[in-house]
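The values are calculated or read from the model by the stated rules, or taken from the named source; none is laboratory data. Just so you know, these numbers come straight off a predicted model, no measurement behind them. Here the Cβ positions follow ideal geometry from the backbone for every residue, glycine too, while neighbour counts run over all protein chains shown.
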Amino acid sequence: MPVLTPGWLADVHAVIFRLVGVALAGALLAACSSTSSDVGYPIFADPGKYQYYGCAQLAAELKRWTSREQELKELMDKADQSTGGAAVGFIAYKADYVAAGEELDQIHSAARSKGCTQDEGWRSSTVVR
């Protein structure tokens, strides 16, 4: 029969806590490394938001969200030019920038499904022609 030392239970708990900590750290890193375009579904945008919009409304939303995305890109670029600005720009603007990109993706998808007339810039590069 094995002999148990007085601190064996504490040793087992320490090993379990380390394993749980490593597993949580790995899960957090995996979650942070993927964006919504990697996982295939939007994180910030509602997929059905533009379902009942007409082509004119989609064009107006496209213009608005394109402008917002460009504005956020310029703010991030400006922040990158200062000391420590990259971190500040990432924290302050990155989530909004990703959200704007996801909104644009949803608008493009809705416009394609409705058969709206689109500029060449709207069309996906993945379309088989």
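The rows are residues; the columns are (1) closer than 18 Å to Gln106 by Cβ; (2) modelled with pLDDT of 90 or more; (3) within 20 Å of the chain's Cα centre (by Cα).
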position	(1), (2), (3)
Ala27	no, no, yes
Gln57	yes, yes, no
Leu62	yes, yes, yes
Thr66	yes, yes, yes
Test result for Gly48, at positive phi and either without any contact (Cβ under 8 Å) to a residue 40 or more places away in the chain or β-branched (Val, Ile, Thr) (or both): no
Selection count, the range 83-101, where residues are among the aliphatic types (A, V, I, L, M) and outside any helix (DSSP H, G or I): 0
Tabulated pairs, the range 67-82, first within 11 Å of Gly101 (Cα to Cα), second among the charged types (D, E, K, R) and part of a helix (DSSP H, G or I), C-beta under 7 angstrom, 6+ apart or interchain: Leu72/Asp96
